[in-house]
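**Q** Have a look at this one.
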Amino acid sequence: MLGGLSSGVLEGMHPKPLTSYVTAKAGAASSTSHPHRTLPSDTFGLTPTSIIVVVVQSALWPIATNTDTGFRTIGATTRMVALNLGLSRFRIVRDILLPAALPHILSGLRLAWAFGWRTIVAAELVFGIAGSAAGLGWYINNARYFLNTPPMFAALVVISLLGVLVDGIFFWIERNTVVKWGMKLAH
């Protein structure tokens, strides 16, 4: 999360070259974003580290691009007022830009959660086949292998319920920040 926010802040504060880089990285699939590491398992083996690398790669870029979009949608007047107040560059980012970009940042976090959650289940499916006996993906694959349908659907229900729960947390955060501040309409 911090990596995505940092990339987005740098992207929003600096000119085009960084934006092009992040856009190119966001468009590439997480397993192909590093040419020297087509599959993380080539570098890290079939370990939990491989799953973490794939999940980070899938979640980093939505946060970065949405943070950048949030920074770029802040009006020039707001930026000039911050400069006229004599705020340091750090205080401009912390006190003006981040709160103003918060609706976009929350959207990026919500997307990163969705991409990361989907990626971790898929990675557990892949790495579970290779011998790591853990996670919902492994559980689904194991039930599939033994043609045990009820546990497969039970795992899918758990995945869905966790998704709804986390989305509810994001909804609560939005309602208590950006909706309360009048930056977004309640839904």
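The values are calculated or read from the model by the stated rules, or taken from the named source; none is laboratory data. Quantities reported herein were computed from a predicted structural model and do not represent experimental measurements. Cβ placement follows ideal geometry from the backbone for every residue including glycine, while neighbour counts extend to all protein chains displayed.
**Q** Scan segment 111-131 and give yes if some residue there is free of Cβ contacts under 8 Å to residues at least 24 places away in the same chain, in contact with a Lys or Arg (Cβ under 8 Å, 6 or more places away or on another chain) and not small (Gly, Ala, Ser), otherwise no.
**A** no
**Q** Determine the pairs where a residue that is in contact (Cβ under 8 Å) with a residue 40 or more places away in the chain, located within segment 89-106, has a partner that is part of a helix (DSSP H, G or I) and among the hydrophobic types (A, V, I, L, M, F, W, C) with Cβ atoms under 6 Å apart, the partner being 6 or more residues away or on another chain.
**A** Every condition considered, the pairs that remain are Leu97/Phe71; Ala101/Phe71; Leu102/Val178; Pro103/Val178.
**Q** Quick one: in segment 89-110, of everything that is of a type in the set (Gly, Ala, Ser) and closer than 14 Å to Ile74 by Cβ, which residue is surrounded by the fewest Cβ atoms within 10 Å (Cβ to Cβ)? Break it down into steps so the answer makes sense when it comes.
**A** Filtering segment 89-110 down to residues of a type in the set (Gly, Ala, Ser) leaves 100-101, 107-108.
Among the residues that remain, those that are also closer than 14 Å to Ile74 by Cβ are: 100-101.
On the way: Ala100: 20, Ala101: 26.
Applying the filter and picking the extreme gives Ala100.
**Q** Can you pull out the residues in segment 52-81 that are closer than 15 Å to Ala101 by Cβ, within 9 Å of the chain's Cα centre (by Cα) and of a type outside the set (Gly, Ala, Ser)?
**A** The answer is Pro62, Ile63.
**Q** Separate question: With respect to Thr49, is the statement that it is over 30 Å from Gly163 (Cα atoms), in a helix (DSSP H, G or I), in contact with a helix residue (DSSP H, G or I) (Cβ under 9 Å, 6 or more places away or on another chain) and at pLDDT below 90 true?
**A** no
**Q** Also, I was wondering about something else. If I filter segment 148-168 for residues that are crowded, with 17+ Cβ neighbours inside 10 Å and modelled with pLDDT under 90, do I get at least one hit?
**A** No; the residues of segment 148-168 include none that is crowded, with 17+ Cβ neighbours inside 10 Å and modelled with pLDDT under 90.
**Q** Moving on to the next point. Which members of segment 149-181 meet the condition of being within 19 Å of Ala134 (Cβ to Cβ) and touching a helix residue (DSSP H, G or I) at 6+ places or on another chain (Cβ under 8 Å)?
**A** Of everything in segment 149-181, those that are within 19 Å of Ala134 (Cβ to Cβ) and touching a helix residue (DSSP H, G or I) at 6+ places or on another chain (Cβ under 8 Å) turn out to be Pro151, Met152, Ala155, Leu156, Val158, Ile159, Leu162.
**Q** Now for a different question. Can you tell me which condition Ile129 does not meet? The list is (1) at pLDDT 85 or above; (2) surrounded by 11 or more Cβ atoms within 10 Å (Cβ to Cβ), and all the others hold.
**A** Answer for Ile129: the failing condition is (1).
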